[in-house]
Amino acid sequence: MDIGMICFSREGEITGRRIKKELSSRHEVWLDCKSRSTSVTIDESLSSWTERNFRTRDAIVFISAAGIAVRAIAPFVSSKETDPAIVVVDEKGTFAISLMSGHLGGANELAEEIGRLAGAVPVITTASDINGLLAPDLFAAKNGLIIDDIHAAGKASAAIVNGEKVLLFTDMEFARAVPEYVLVRRLERLAEPQPEGMKKIIISPYVYHKPEDPEDTWLIPQNVNLGIGCRRGTPAEKIKEAVDTVLSEYGIDRRAVRRVASIDLKEDEEGLLRYCSEEGLDIRFYSEEELLKAEGSFSSSEFVRKITGVESVCERSAVTAAGPEPELIIKKQVRDRVTVAAAVSKEKLRFE
């Protein structure tokens, strides 16, 4: 996390420096003081400081009274999907209050971390946490799932807090036991009649699994790995067009893509590198030897073998990037001199 901190007294500065020291081993922490009694002070107004940190930091820690923090952040609060975590610590460091963005922003975890490392008592007020219940937004954050509609996730969370059971549809496995109020179903059962009034949570990378009911929650796992091959000099626009077309044809949401992979001969392929940069995708390159270790039945091209040493760059790259026990869900597709394949990583969901 990139954390901005601010204090308003000499006592607050002492507490701030102690917290910064403890957090700095895991986070980037910036401490500013705004007081004549502190060793240094900023000239910037609190409003300007807060606005700047809202835009640039993952979290803001106010070492102050809660009222100061509330008034400072009020003009800039926008959405729980984008707002930074806000934590308030009193100037003596007795309490660490998770004030805003407790789940998605990570304020609850940050308050607890400050508690562990700096001796403050974490104050958590989100209903699911104080009752030890599943919160869909926190569950999504911890499992690398994208929430399609945050308002729908809130409906599911409210149902759980109110003692209702929810239906969870997924083909993914679970690392630990599932809470008794979560009824798990395979995705193939989505078309079956379901108990009336029960909220549904659907975990799938496929757009055709998106719920019709706006009060049901769609969580998109980022577990799709793309293998891409292309002719030398293929522009980024052509690669994007090919990928988007293939994903659309197979019904995969673009947000499910975790990374792109190819052979190391493409490490300097400008179009491929630019495509990944513009799309915000991690890209990995593998040697001929690494790709040949991939297990499975792959498409074969003698032309590709002569140039690269392997008979299928895109399929072997996708499978290699997916890790242990991959599933090749899209075999080689050729679109305007670009080859695209996709493999899903086998990952387990955790309720914790």
Cleavage-rule hits (trypsin sites (Lys or Arg not before Pro)) in the stretch 13-91: DSSP loop, at most 14 neighbouring Cβ within 10 angstrom: R26, R36
Below 15 angstrom from the Cβ of R254, what's the summed charge of the other residues (Lys, Arg +1; Asp, Glu -1)? -3
From the Cα gyration tensor of the stretch 224-347, with a ≥ b ≥ c the square roots of its eigenvalues, which class applies: rounded if a/c is under 1.5, or else prolate if a/b is larger than b/c, or else oblate? rounded
Listed residue (G296, L272, T234) projecting farthest to the positive dipole end of the stretch 179-334, Cβ model: T234
Assign unit charges at the C-beta atoms only (+1 for Lys and Arg, -1 for Asp and Glu), then state the dipole size of the stretch 136-221 relative to its Cα centre in Debye, rounded to the nearest 20. 260
Tell me the relative contact order for the chain as a rounded percent, counting alpha carbon contacts under 8 Å between residues six or more apart. 12
Please state the shape class of the stretch 136-221: rounded when a/c is under 1.5, otherwise prolate if a/b exceeds b/c and oblate if not, all from the C-alpha gyration tensor. rounded
State to the nearest 20 debye the size of the charge dipole of the chain about its Cα centre, where the only charges are +1 on K and R beta carbons and -1 on D and E beta carbons. 420
Burial ordering of D268, D149, fewest other beta-carbon atoms within 10 Å first: D268, D149
In the stretch 138-239, which GluC sites (Glu not before Pro) are in a loop and have at most 13 other Cβ atoms within 10 Å, using DSSP for the loop call? E164, E180, E196, E212
Residue among T94, I146, I263 farthest towards the positive dipole end of the chain, charges placed on Cβ: T94
With Rg and the Kirkwood Rh both taken from Cα atoms, where does Rg over Rh land for the chain? 1.05
Would you work out if the stretch 36-124 is rounded, prolate or oblate? Take a ≥ b ≥ c from the square roots of the eigenvalues of the alpha-carbon gyration tensor; rounded if a/c is under 1.5, else prolate when a/b is larger than b/c, oblate otherwise. oblate
What are the chymotrypsin sites (Phe, Trp or Tyr not before Pro) within the stretch 131-199 that DSSP puts in a loop, where the Cβ has at most 13 other Cβ atoms within 10 Å? Y181
Here the net charge surrounding A120, from other residues whose Cβ is less than 11 Å away from its Cβ (Lys, Arg +1; Asp, Glu -1), is -1
Subtracting the Cα-Cα distance of A74 and R255 from 0.36 nm times their residue separation yields 62.1 nm
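We did not get these values from a lab; they are worked out from the coordinates using the rules stated. In this text, all values refer to a predicted model and were calculated from it rather than measured experimentally. A quick note on method: Cβ atoms are made from the backbone with ideal geometry, for glycine too, and the neighbour counts reach across all protein chains shown.
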